[in-house]
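The values are calculated or read from the model by the stated rules, or taken from the named source; none is laboratory data. Predicted, not measured: the structure shown is a model, and the values here were computed from it. Counting neighbours? That spans all protein chains shown, and the Cβs are built from the backbone with ideal geometry, glycine included.
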Amino acid sequence: MRRILFFIFIFSIFLIIIGGNKLKADSIKGDVENGTKLFKKNCTACHSIELEKKMIGPALYGVTEKRSRKWLHEWIKDNKSLRKSGDKDAIAIYKEYGNIEMNSFSQLSEKQIDDILSFIIKSPDSKKETENHVNNNETHEKKEKEFLVKLIIFCFGILSLILIWILYRIQILIRLINQGETEVSIFRKKNFIINILYKKILGNDKKKWYLFSCFTGFFLLAGIYESWSFLMKIDVNKGYKPEQPIYFSHKIHSEINKIDCQYCHSSAKYGKVSGIPSVNVCMNCHITIHEYNGDYLEKGKSRDEYNKEIQKIYHVVGWDPETRKYSKKTHPIQWIRIHNMPDFVYFDHSQHILTGEKTIKKLKKVNLVCNACHGEVQKMDTVEMSNDFTMEWCISCHKTVEIDIQNRYYKEYFPNKKNKITVDMIGGTECAKCHY
């Protein structure tokens, strides 16, 4: 009897423990979809969206089973106060991660924190979901490319059919002229469409036939024009504005803090390409600037978001702002290129900045020569492609921009300038200038 009571007691304790853990997890009820958005917005600077993966902060998968809802709320809202209260778990986590203090999220409501925790609970296969999301994006892009190719082939097919039809009509017309009127009547009887047009709609009225021909010709030309316009817009990406791995506001750096373009893009003045600045250039300033304290805030963003982007820079170069030492663990940034000339096009930044700066500024009415092509980048939070960057766009500029006669090279070759000399007059529209 005692053995039976003992087993019942042990089994009861087992059920209580399991039930308690389940209750602890189930007591967190929130909106998973909203939690996903909040997690991406507030947490991904330090925690991986793949919850089983460790990043700057710990892997968060299973954290709702290890800690109570109350503790997690206190930690997220103000972990510093929780440590000061003497909480052993909070102090242990702080020491485990090299005394790096987690950002406080006092602005988050109880419901929003529950939403984030719900996302963590309901995403055991987050890694698979992320991979599926990437695969879905790749599949979507592949389908778009396939559709574009099919559309182009379809347009060429339609044009081919139209040309064949025109050639066939010309051939019939020549045969009719050669064989006389008898053949005309046979042709009308055999051709159903022409027969209907002749008998029921147009008859022998030459004016009607003339108008019909003009109408048909107009639609034919319009179709060819629209097809050509569509083909000419392929890979013209004006307005392209990708999301970069580290958010960078040109407005804050260039316009507000007056950092010169060529401080970061140092190779633009004397080189072919403008170049992407290394993270060492960023660290020239951010080795001492740990937080954003400016007055300007982009709509929809907070100071904490800007501060997290600074933390990303530290993570990339392996810099510890507490010890002020490099860990030698670097993580290359995969920037997404916005302006990218095709391989068969040669473009030299230095030629435009040094040789054409004065005349380009004058024609385009800009203060910076960079703005002539890239738009007012200093006023952009997220950089986008401001112009078409087509061959037509470049040539139209070469036909209107005058050469700088004060340049030593041109001064030697055009000592007695009388008339306006534009770039196209000195070979600026020759194919081999850009394609060789």
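When region 337-365 is filtered for residues that are touching an Asp or Glu at 6+ places or on another chain (Cβ under 8 Å) and in a loop (DSSP other than H, G, I, E, B), the ones remaining, listed by number, are Ile338, Gly356.
In region 80-96 there is at least one residue matching the filter, namely being closer than 18 Å to Ser48 by Cα, modelled with pLDDT under 85 and among the aliphatic types (A, V, I, L, M).
Please verify whether region 151-164 includes one or more residues that are under 30 Å from His374 (Cα atoms), loosely packed, with under 13 Cβ neighbours inside 10 Å, modelled with pLDDT of 65 or more and within 46 Å of the chain's Cα centre (by Cα). No; the residues of region 151-164 include none that is under 30 Å from His374 (Cα atoms), loosely packed, with under 13 Cβ neighbours inside 10 Å, modelled with pLDDT of 65 or more and within 46 Å of the chain's Cα centre (by Cα).
The set of residues from region 401-414 being out of contact with any Leu (no Cβ under 6 Å at 6 or more places or on another chain), under 17 Å from Lys362 (Cα atoms) and assigned to a loop (DSSP other than H, G, I, E, B) comprises Ile403, Asp404, Ile405, Gln406, Asn407. From Asn284, Asn307, which residue is of a type in the set (S, T, N, Q) and more than 17 Å from Met102 (Cβ to Cβ)? When all the criteria are applied, what remains is Asn284. Being of a type in the set (D, E, K, R), more than 30 Å from Tyr306 (Cβ to Cβ) and either within 20 Å of the chain's Cα centre (by Cα) or assigned to a helix (DSSP H, G or I) (or both) is true of Glu226.
Contact annotation: residue pairs with Cβ atoms under 8 Å, 6 or more positions apart or on different chains, pairing a residue in region 59-76 that is assigned by TED's automatic domain parsing to the domain that holds Gln112 and touching a residue at least 12 places away in the same chain (Cβ under 8 Å) with a partner that is among the charged types (D, E, K, R) and in a helix (DSSP H, G or I), are Thr64/Lys24; Glu65/Lys24; Arg67/Asp89; Ser68/Lys24; Arg69/Lys24; Arg69/Asp114; Trp71/Asp89; His73/Glu110. For region 254-265, the set of residues classified as buried (at least 16 other Cβ atoms within 10 Å of the Cβ) and in contact with a helix residue (DSSP H, G or I) (Cβ under 8 Å, 6 or more places away or on another chain) consists of Ser254, Glu255, Cys261, Cys264, listed by residue number. The requirement of being among the polar types (S, T, N, Q), part of a loop (DSSP other than H, G, I, E, B) and closer than 15 Å to Ile113 by Cβ is fulfilled nowhere in region 45-59; no residue meets it.
Each residue in region 152-167 was checked for being closer than 15 Å to Leu231 by Cβ and free of Cβ contacts under 8 Å to residues at least 24 places away in the same chain, and 5 pass. Once region 345-394 is narrowed to residues that are touching a Gly at 6+ places or on another chain (Cβ under 7 Å) and closer than 21 Å to Cys431 by Cα, the residue that is surrounded by the most Cβ atoms within 10 Å (Cβ to Cβ) is His349. Scanning region 79-121 for residues that are assigned to a loop (DSSP other than H, G, I, E, B), touching a residue at least 24 places away in the same chain (Cβ under 8 Å) and among the hydroxyl-bearing types (Ser, Thr, Tyr) yields a total of 3.
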